[in-house]
Amino acid sequence: MPAFSLDPAQTAWCAELRALAAERLRPLAEKGEPGRVNRPLVAELGQLGLLRRLFTSGALDLCLMRESLAYACTEAETALALQGLGAHPVHAYGTPAQRDRWLPPVSEGRAVAAFALSEPGAGSDAAALGLRAEGDAAPGGGSGAGDPGVVAGVGARPEAAALGAEPDGPSRWRLTGEKCWISNAPEADFYTVFARTTPGAGARGVTAFLVPADRPGLTGTALEMLSPHPIGALGFDAVPVTADDVLGEPDRGFRVAMGTLNLFRPSVGAFAVGMAQAALDATLAHTAQRDAFGGKLRDLQTVAHRVAELALRTEAARLMVYAAATAYDEGAPGVPKRAAMAKLLATETAQYVVDAAVQLHGARALQRGHLLEHLYREVRAPRIYEGASEVQRGIIAKELYAETEAPQ
């Protein structure tokens, strides 16, 4: 089967998701407060079994979920995606104890997750992280084992506690610094935090930590942003973490971050495609019924051609998203390049489609509460987060040149 073809069961599931989003999720979204975590909405996503599918489905299913929800309720789509982004490192790299502690409440919509990578001085350049994880030495030169100021992490490893310091590095750290533009902050229940454990080592010196929100020294503030979902900044004042909080391996956290982003980048494209399709369908309906210049708007060739262009670009983006997701699921070569291409094309396309749809609707589309006014605010951020468009172009070019230099 070609990578871009959906079978009847998948098509029916997408239709069911759009209906659920309109009938059960949108009313909850409308009751939420902009800029705050909508816990009733998250709980309903859990009740519907959609959050559990984040950890049992492949990349294509994730894309179908995000596209379908975005079409009818962008708030529901974002709530689902943020749960996946924050908790996927636990699912993919966590210990059994870490997974047992956090994945069930995330899947059921009882716990809110967040992915804490960006910093004030390290947004797109993830390898330039400044949040420090400094070894927490105990008096007498030990590792800090037995220090009453260190809070035990989830998923305790008995062998680490018995040995104290690990032979290849510290088993306890203090996190000091800032994170910024973190979705679901400061209201999340736990954070996947990326911090520098080896100074001057670039991407090779970053470690991923699972940090519960109640750790001493962890504070947060909400940020008022253009998009309506919750975003905040986090402050780390010697926040204690141990080897039991590490996700993956020390100094290998960049691999955790990139592994997560390679999965979620095509689905960011799917989110964008869902918004583009909603804008396109609204434009088709509007131009078919709006009287102008002695006929309907659709009778004007300039309008008809513009609508055709919107449909063309939307479908092209959808196909690239599906192809990238299928490549990920099949373990095909070139996933980073495909993921970057999918996110780049789909997010840039959605911006174009929504902007054109606003233009064809006229002033009514700028009125607060109009679908396109909502989409216009939502569509801008995906071109920046999880790697700005310029970063995606850099990834694509790097992968292309690597392919030409590889031995044949």
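Derivation of every value follows stated rules applied to the coordinates shown; laboratory data play no part. Values in this document were obtained by computation on a predicted structure and should not be read as measured data. Ideal geometry is used to build each Cβ from the backbone, glycine not excepted, and the neighbour counts take in all protein chains shown.
Using the Cβ-Cβ distance between residue 16 and residue 401 with R0 = 30 Å, the FRET efficiency computed as 1/(1 + (r/R0)^6) comes to roughly 0.10.
Approximating the spin labels as points 7 Å out from Cα along Cα→Cβ, the residue 224-to-residue 33 distance works out to 1.4 nm. The ranking of 180, 63 from fewest to most other beta carbons within 10 Å of each one's beta carbon is 180, 63. Against the chain, whose longest principal axis comes from its Cα atoms, helix 8-20 is set at around 90 degrees.
Quick one: 13, 102, 173, fewest Cβ neighbours within 10 Å first, how do they rank? Walk me through the numbers before you get to the answer.
Numbers: 13 16, 102 23, 173 27.
Least to most surrounded, the residues fall as 13, 102, 173.
Can you give the translational diffusion coefficient of the stretch 189-248 in µm²/s, computed by Stokes-Einstein from the Kirkwood radius over Cα pairs at 20 °C and 1.002 mPa s? Don't jump to the answer; show the numbers that get you there.
On the way: Rh = 13.1 Å.
D, rounded to a whole number, is 164 µm²/s.
Considering all different alpha carbon pairs of the stretch 231-368, the Kirkwood hydrodynamic radius works out to 17.8 Å.
In the chain, the longest principal axis of the Cα atoms and the axis of helix 74-93 are about 30 degrees apart.
Against the chain, whose longest principal axis is taken from its Cα atoms, helix 96-107 shows a tilt of about 30°. Peptides 362-374, 211-223, 110-122, 338-350 ranked from most to least packed by the mean count of surrounding Cβ atoms within 10 Å: 338-350, 110-122, 211-223, 362-374.
Take 242, 287 and order them by how many other Cβ atoms sit within 10 Å, fewest up front.
Numbers: 242 25, 287 21.
If I rank by nearby Cβ atoms, fewest first, I get 287, 242.
For residue 337, the lysines whose Cα falls under 17 Å of its own Cα, not counting residues fewer than eight places away in the same chain, are 398.
Over the chain, all Cα pairs binned in 10 Å intervals from 0 give whole-percent P(r) values of 5, 22, 30, 24, 12, 5, 2, 0, 0, listed from short to long.
For the stretch 8-107, the spread of Cα coordinates along the three principal axes comes to 37, 37, 18 Å, biggest extent given first. Across all directions, the average flat footprint of the convex hull enclosing the Cα atoms of the stretch 1-64 is 5.2 nm². Backbone N atoms of the stretch 80-114 closer than 14 Å to the 7 Å Cα→Cβ label point of residue 24 belong to residues 108-109. Per residue, the convex hull spanned by the alpha carbons of the stretch 369-408 comes to 70 Å³. Partner aspartates and glutamates whose Cα lies under 17 Å from the Cα of residue 31, excluding those fewer than 8 positions away in the same chain, are identified as 23, 44, 75, 77. Approximating the spin labels as points 7 Å out from Cα along Cα→Cβ, the residue 110-to-residue 285 distance works out to 3.9 nm.
Based on Cα contacts under 8 Å between residues 6+ apart, the chain shows a relative contact order of 16 percent.
Structure remark: mean-square fluctuation, Gaussian network model of the chain, C-alpha springs under 10 Å; the largest value among 292, 72, 43 belongs to 292.
In a DSSP loop and with at most 11 other Cβ atoms within 10 Å, the chymotrypsin sites (Phe, Trp or Tyr not before Pro) in the stretch 293-374 are 293.
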